[in-house]
Amino acid sequence: MAPQVYGHPCDEAEQLVCQALHALPDECIVYAEPKLVYQDQVRYPDFVVVYHKWGVIVLEVKDWIEVVDRDRKRARVRQRDDQLAWRESPVEQARTAAHVLNNMLEKDQDLRDYAGRREFYYAYAGVLPYLPSATIGWLEEAWGQSYLLGQDNLRRDLITGSIARIPTPGRIVLDERQVRAICATIDGRNKNVDQATGEFKGVYDRVQESISKEPLAPTIVPPQAAEPPVQASFAAGIAPSAEARKHRLEAGMPDEAVTLTSAPHVRLVRGFAGTGKTDVLILRAHYLREQHPDLDILVTTFNDPLYANRLEPELRDLKPHVDVIKFDTLCAHIYQKRHRTWRNPQDTGGLVARMARNHPLIDELGRSFITDEFIWMKETGRTERERYVEQAREGRGGVSGRTLGRTTKEGIFDLFEAYQRELDELPACDWVDLHERTLRYLQEGIQPDNLYDAILVDEAQHFAPTWMRITTRLLKPGGSLFLCDDPSQSVYRYYSWRQKGVEVRGRTRWLRVPYRNTRQIFRAAYALIADNPVAQRLLAECGEGVQPDLDCTAMRDGPLPQVHRFSSWAAEREFAVREIEALIRHAGILPHEIGILHEKKHVHKRYRPLVPQGVQLYEVKRQTGLEYKAVFIPRVQDLFDRAGGISWEEYVGRERLKSYMTMTRARTRLYLLYENRWPRLLEPIRPYVEWIEH
């Protein structure tokens, strides 16, 4: 472990100090050259150290190699250019920057007690890494005892004590909330602000900040290639320096070996619903753009509402160096390069529904089940009868993967062949065909519009193996992947990262605090999956299973989720409309901050003309990554359709995962509405909600 150090020191003297600061206590956070602004004052101190035992310490570094004279605020010094000149004391410069930072911090109410008195202290010092202790002592006679650190103070065994001795008016041990408030003042990107409304939502924690600001992995250069200069940019390091040689080597390799040689640097960020994965990804994109302005960066996801409401608007200012493109749009561009034309692929569910009129087995097994089965068959290459019928259905059956008998499998494959004939007669392809063709066209030499140094993927749990193979083909050699997923929201695809061909062991970090929800909402939702074998199997993919941190003091508290029972749908709708109008009128919640979520389109259709304009009505599966202040889940009793072909355990596990995902869209208020009989599948939430009869 080591303290978190953010930013890149410019000169050699600052780099020496930065190396020394890595020996500070693990809980320290260090910012290199942050921009401090208060009114018309702007300062860029070399380092700011934040530590709960010390408060805030500002350090100013100078590369002086000789001092021949000094007064109270200056010194006549020799620097690397051998020129003698009078320079301002680094102690004085640090003091000025510390005063600017103090003024910024004093505006934060989190840093004051109940009486309005401030609960933090600041200190400042100069650092002269090339000067011996004798010179430092002589300068301190004019500038103050212990306000300077020199060459001897930077030893790993002395640096902590030296900084701890910097004079300060007092000491107060800060709690983590106060530490994060200081960090958010130093770096405003640590503040979570709604881009649409300007509403302040809170401060990112140190785990979220550290993930978003991780350095890009160094590229491994072949021994025969020339070594890049030490100060070369990352962009210069990732391009192969012997392209012709590389092509000759690859020509003699099997495909598997070529894939391994170009394996990207991978970081997988996993988290429960509401832990801020999308926020971290957005912070990461901003950080990479700032630190590596020459990199070409792609941000992608499959989810249209997530793209439209979060990614595109919050990253719009980073264009043209950061592209924000939906995954299917990337595929469409490649398809058009090959065919010079475009028509939307056929929706599998729509075609299955049309086929159900002539194929009773579809309704017998369930239209959604058959739709998902056809998609899974294509994504896993089970499109030959023998392979589908004889092999286990990993990720589709129960624990054993063999919950369909041979006769049923034969019948399903007959339906699949009929489905393919329908596509041929249209003629059309479905979305899975589009992805398969996209990959094939890339393999055949069709060039994408752009290749990228870094690709950031949000909601990556939904990406099928083919999707990941397409994504990695959009990377430049030596590029990096940054993946965010929530395995507990793998409702529509059940592929492990090993099945996707991406090695994530040892490259995974977890976010465990669900900030988005109140403690009451998340506790009720998590009750659905806490003992759910399906969910826990997904959570444990990369090692031991993890649990959310519901005891964190940063979590908000709020009202219990409400469950309302009605005798008719008309009464339910009347209550929902009345409650929504009250939330808008009296609670200050805007219409677009209210979501009505359900699987069935006919439910949306009945609610749409009744609710105020702007209230969001969506299918559950389109809501991963999004949030609302208030969520209504109507007609709860109609959420569940028993699917054929999977075990009862698997069915219960999946439906509870889906309900968990839906409930965790709510930030503050959650309403579940039902008629007559409460679904047995949701029984685990009973102790955590308020029950209301109408």
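The values are calculated or read from the model by the stated rules, or taken from the named source; none is laboratory data. Every value quoted in this text rests on a predicted model; they were computed, and no experiment measured them. Quick reminder, even Gly has a Cβ in these numbers, built from the backbone with ideal geometry, and neighbours come from all protein chains shown.
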Selection count where residues are in contact with a strand residue (DSSP E or B) (Cβ under 7 Å, 6 or more places away or on another chain) and under 10 Å from PRO561 (Cα atoms), scope the range 654-694: 10
Residue in the range 61-76 that is within 43 Å of the chain's Cα centre (by Cα) and small (Gly, Ala, Ser) present: no
Number of the exception - LEU131 against (1) among the hydrophobic types (A, V, I, L, M, F, W, C); (2) more than 27 Å from LYS53 (Cβ to Cβ); (3) assigned to a helix (DSSP H, G or I): (3)
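Among the residues of the range 335-380, which ones are part of a loop (DSSP other than H, G, I, E, B), touching a residue at least 60 places away in the same chain (Cβ under 8 Å) and more than 17 Å from ASP424 (Cα to Cα)?
If we filter the range 335-380 for residues that are part of a loop (DSSP other than H, G, I, E, B), which is where we start, we get 340-345, 347, 356-359, 366, 380.
Adding the requirement that they be touching a residue at least 60 places away in the same chain (Cβ under 8 Å) leaves 343, 345, 347, 366, 380.
Answer for the range 335-380, where residues must be part of a loop (DSSP other than H, G, I, E, B), touching a residue at least 60 places away in the same chain (Cβ under 8 Å) and more than 17 Å from ASP424 (Cα to Cα): GLY366, THR380.
Identify, from the list LEU295, LEU283, LEU216, the residue that is in contact with a helix residue (DSSP H, G or I) (Cβ under 6 Å, 6 or more places away or on another chain), modelled with pLDDT under 85 and surrounded by 17 or more Cβ atoms within 10 Å (Cβ to Cβ).
On the way: LEU295 fails: modelled with pLDDT under 85; LEU283 fails: modelled with pLDDT under 85.
None of the others qualify; the one that does is LEU216.
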Pairs with Cβ under 8 Å, 6+ apart, first in the range 9-37 and in contact (Cβ under 8 Å) with a residue 12 or more places away in the chain, second among the polar types (S, T, N, Q): PRO9/GLN15; ALA23/THR160; LEU24/THR160; PRO25/THR160; CYS28/GLN4; ILE29/GLN4; VAL30/GLN4
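Of THR160, THR197, THR168, which residue is modelled with pLDDT under 90 and on the phi < 0 side of the Ramachandran plot?
THR197
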Complete set of residues in the range 318-334 that are farther than 22 Å from GLU627 by Cβ and part of a helix (DSSP H, G or I): LEU318, ASP328, THR329, LEU330, CYS331, ALA332, HIS333, ILE334
Test result for ALA454, surrounded by 19 or more Cβ atoms within 10 Å (Cβ to Cβ) and in contact with a Ser or Thr (Cβ under 7 Å, 6 or more places away or on another chain): yes
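Are there any strands (runs of 3 or more DSSP E) wholly within the range 1-99 with 3 or more residues that are of a type outside the set (S, T, N, Q) and at pLDDT 95 or above, and if so which?
Values: elements: 4-6, 29-32, 36-38, 41-43, 47-51, 55-61, 66-70, 74-78, 84-88.
Of the strands (runs of 3 or more DSSP E) lying wholly inside the range 1-99, those with at least 3 residues that are of a type outside the set (S, T, N, Q) and at pLDDT 95 or above span 29-32, 47-51, 55-61.
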Check on GLN536, assigned to a helix (DSSP H, G or I), surrounded by fewer than 19 Cβ atoms within 10 Å (Cβ to Cβ) and polar (S, T, N, Q): yes
Selection count where residues are surrounded by fewer than 16 Cβ atoms within 10 Å (Cβ to Cβ) and either touching a strand residue (DSSP E or B) at 6+ places or on another chain (Cβ under 6 Å) or not aliphatic (A, V, I, L, M) (or both), scope the range 350-365: 7
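Consider the range 305-324. How many of its residues are surrounded by 18 or more Cβ atoms within 10 Å (Cβ to Cβ) and either within 12 Å of ILE282 (Cα to Cα) or aliphatic (A, V, I, L, M) (or both)?
Of all residues in the range 305-324, those surrounded by 18 or more Cβ atoms within 10 Å (Cβ to Cβ) come to 306-307, 309-311, 314-315, 318, 322-324.
From what is left, the residues that are either within 12 Å of ILE282 (Cα to Cα) or aliphatic (A, V, I, L, M) (or both) are 306-307, 310-311, 314-315, 318, 322, 324.
Qualifying residue count, the range 305-324: 9.
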Test for THR518: is it polar (S, T, N, Q), within 20 Å of LEU626 (Cβ to Cβ) and either touching a residue at least 60 places away in the same chain (Cβ under 8 Å) or surrounded by 15 or more Cβ atoms within 10 Å (Cβ to Cβ) (or both): yes
